[in-house]
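Readers should treat all values here as calculations from the given coordinates under stated rules, not as data from a laboratory. Just so you know, these numbers come straight off a predicted model, no measurement behind them. Neighbour counts run over all protein chains shown; Cβ positions are idealised from the backbone, glycine included.
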Amino acid sequence: MRWGNSATHWGLVSRLLHWFTAIAVFFMFAVGITMINMRLSPMKLEMFIVHKSTGMLILVVVLLRILWRLMNPAPRPSRHLSQFQRRVAGTGQWLMYCLLVAIPVSGWVINSAASFPLRWFGLFEIPPITGPSIEIEDMAKTTHLVLICCLAAIVLIHIGAALHHHWIKRNDILKRML
């Protein structure tokens, strides 16, 4: 298997970045939903640390993924896709990239505006990107939630489309990333 993308398939680096991101995002959905339904406790605080650290990890991985994508063009679109489907797929992919940058940044703003230290998995502190502000914190919380809902919708469409192409259309769309 090639490290870089070929004309017909995603390369190993693209695949690893894709699947790592997918697993991390599902982990974040699960941790986020669990956290907001918990009462304040040491376990909830630990989950917040893991959530914030994982969010910053996703931010770095997605930025690396975008850089890799810019240096390694995507495979040719599958012949099984119409021009409309190609545009929708491409738009959806770039929208996911944007959301996967914006969501961790909005979380970072929440943390900064709340004046909490942000220690990445307890290893080092990440500096705040805004000063303390209840108004900024509230706005960032709303933004964070709206962006997460948008990402959840796009992820469901993405998965649904991939499974539709694999199980119903029986074409190579999903196989190109497996």
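What is the distance, in nm, between label points placed 7 Å from the Cα along the Cα-to-Cβ direction at TRP167 and at VAL50?
Simple spin-label model gives 2.9 nm for this pair.
So how much slack lies between ASN37 and ARG119, counting 0.36 nm per residue of separation and subtracting their Cα-Cα distance, in nm? List each step's numbers first, then the result.
On the way: separation 82, 0.36 × 82 = 29.52 nm, distance 2.32 nm.
27.2 nm is the gain from fully extending ASN37 to ARG119.
Percent relative contact order of the chain, based on C-alpha pairs within less than 8 angstrom and at least six residues apart? The partial results should precede the final answer.
Values: 175 pairs, mean separation 39.6, N = 178.
In percent, rounded to a whole number, it is 22.
Put +1 on the Cβ of every Lys and Arg and -1 on every Asp and Glu Cβ in segment 12-168; which of ALA22, MET139, GLY32 then has its Cα farthest towards the positive end of the dipole?
Looking along the dipole axis, the top candidate is ALA22.
Pulled fully out, how much extra length does the chain show between THR91 and LEU67, if you take 0.36 nm times their separation in residues and subtract their Cα-Cα distance?
6.9 nm
Would you please give the FRET efficiency between ALA153 and ARG79, computed as 1/(1 + (r/R0)^6) with r the Cβ-Cβ distance and R0 = 30 Å, to the nearest 0.05? Can you show the working numbers first?
On the way: r = 28 Å, r/R0 = 0.93.
For ALA153 and ARG79, the calculated efficiency is 0.60.
Enumerate the whole-percent occupancy of each 5 Å bin, from 0 to the last occupied one, for all C-alpha pair distances of the chain.
For the chain, the pair-distance distribution reads 1, 7, 14, 19, 18, 14, 10, 8, 6, 3, 0.
Using modelled backbone amide H atoms (1.01 Å from N, in-plane), which distant-in-sequence or interchain residues come within less than 5 Å of ILE126's amide H?
Answer set, sorted by chain and number: LEU118, ARG119, TRP120.
How far is the Cα center of segment 1-69 from the Cα center of segment 89-134, in Å?
When both Cα centres are located, 13 Å separates them.
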